[in-house]
Amino acid sequence: MRFLRHPLCIFTAVGVLCLVLIYRHAYTAATYVAQQPVPFEHSTHTAADKVNMQCQSCHAGAEKGAGAGMPASSACMDCHRHILADDARLLPLHAAANADSSVYHGEPLRWVRQAPLPAHVHFNHGYHARKGVSCAECHPNPDAPTAHTMQSCLDCHEKHALPLNCDSCHH
């Protein structure tokens, strides 16, 4: 055990531990629950026995654009002016988009990204949609945080015969 006291061994062990921690932090998908400006449940809006809206009704860019996009507050207000109009949970929506409301200020809602990717990863929703990848394949439960990993992306690329070259997603 005398060799463990050698400064080079200690330095190497500390260096390896640091690299492991850095790698783990950088490449482990974070799981968190985002605090949204308005409580929102996708299932209430998309379930066949409820409102039965398609994902693209709110995320118009998902079929053609790089990003899925978020609906304007006024689009939500089109229904919620009449549906759950007096529900206190929707006060931020009324403040953002209902000019007839006493709480109106006109500032748009600021939604928090539920499935963030690292800055060096580029995901194009439109490209994937045109290749036949459904929203549910990447977002099986849109109300829960999604832990996308490089392996889950590679598995899907293999399943759908999509490119596996690094620079198609990483930049």
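The values are calculated or read from the model by the stated rules, or taken from the named source; none is laboratory data. Remember, it's a predicted structure, so these values are computed and weren't measured experimentally. Every residue, glycine among them, receives a Cβ derived from its backbone with ideal geometry; neighbour counts consider all protein chains shown.
Quick check on Arg24: is it loosely packed, with under 12 Cβ neighbours inside 10 Å and modelled with pLDDT of 90 or more?
Criteria not met by Arg24.
Of the conditions (1) within 17 Å of Glu41 (Cβ to Cβ); (2) in contact with a strand residue (DSSP E or B) (Cβ under 6 Å, 6 or more places away or on another chain), Pro71 satisfies every one except a single condition; which number is it?
(2)
Could you please find all residues in the range 64-74 being surrounded by 16 or more Cβ atoms within 10 Å (Cβ to Cβ) and under 28 Å from Lys131 (Cβ atoms)?
Ala68, Met70 - these are the residues of the range 64-74 that are surrounded by 16 or more Cβ atoms within 10 Å (Cβ to Cβ) and under 28 Å from Lys131 (Cβ atoms).
Can you name the condition, by its number, that Cys79 falls short on among (1) in contact (Cβ under 8 Å) with a residue 40 or more places away in the chain; (2) out of contact with any helix residue (DSSP H, G or I) (no Cβ under 6 Å at 6 or more places or on another chain); (3) not aromatic (Phe, Trp, Tyr)?
Result: Cys79 fails condition (1) only.
Might you let me know whether the range 93-105 holds any residue that is aliphatic (A, V, I, L, M), at pLDDT 90 or above, assigned to a loop (DSSP other than H, G, I, E, B) and surrounded by 15 or more Cβ atoms within 10 Å (Cβ to Cβ)?
No, the range 93-105 contains no residue that is aliphatic (A, V, I, L, M), at pLDDT 90 or above, assigned to a loop (DSSP other than H, G, I, E, B) and surrounded by 15 or more Cβ atoms within 10 Å (Cβ to Cβ).
Of the conditions (1) part of a loop (DSSP other than H, G, I, E, B); (2) of a type in the set (A, V, I, L, M, F, W, C); (3) closer than 21 Å to His42 by Cβ, Cys76 satisfies every one except a single condition; which number is it?
(1)
Tell me which residues, restricted to the range 118-143, are over 17 Å from Met70 (Cα atoms) and part of a loop (DSSP other than H, G, I, E, B).
Pro118, Ala119, His120, His122, Lys131, Gly132, Val133, Ser134, Pro140, Asn141
Hey, among Pro142, Pro163, which residue is modelled with pLDDT under 90 and touching a His at 6+ places or on another chain (Cβ under 6 Å)?
Exactly one of Pro142, Pro163 is modelled with pLDDT under 90 and touching a His at 6+ places or on another chain (Cβ under 6 Å), namely Pro142.
Which of the following residues is of a type in the set (A, V, I, L, M), farther than 15 Å from Val112 by Cβ and in contact (Cβ under 8 Å) with a residue 40 or more places away in the chain: Ala85, Ala62, Ala72?
Within the list Ala85, Ala62, Ala72, the selection yields Ala62.
Answer with yes or no whether His122 is exposed (fewer than 12 other Cβ atoms within 10 Å of the Cβ), farther than 27 Å from Pro39 by Cα and in contact with a His (Cβ under 9 Å, 6 or more places away or on another chain).
no
Here's a check for you: in the range 150-165, which residue that is among the polar types (S, T, N, Q) and assigned to a helix (DSSP H, G or I) is surrounded by the most Cβ atoms within 10 Å (Cβ to Cβ)?
Across the range 150-165, the extreme among qualifying residues is Ser152.
Just the residues that are more than 20 Å from Thr46 (Cβ to Cβ), polar (S, T, N, Q) and without any contact (Cβ under 8 Å) to a residue 12 or more places away in the chain, please, taken from the range 114-147.
none
For every residue, the table says whether it meets (1) of a type in the set (Val, Ile, Thr); (2) at pLDDT 90 or above; (3) surrounded by 16 or more Cβ atoms within 10 Å (Cβ to Cβ).
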{"residue": "Pro7", "(1), (2), (3)": "no, no, no"}
{"residue": "Ile10", "(1), (2), (3)": "yes, no, no"}
{"residue": "Val51", "(1), (2), (3)": "yes, yes, no"}
{"residue": "His59", "(1), (2), (3)": "no, yes, yes"}
{"residue": "Cys76", "(1), (2), (3)": "no, yes, yes"}
{"residue": "Ala88", "(1), (2), (3)": "no, yes, no"}
{"residue": "Glu107", "(1), (2), (3)": "no, yes, no"}
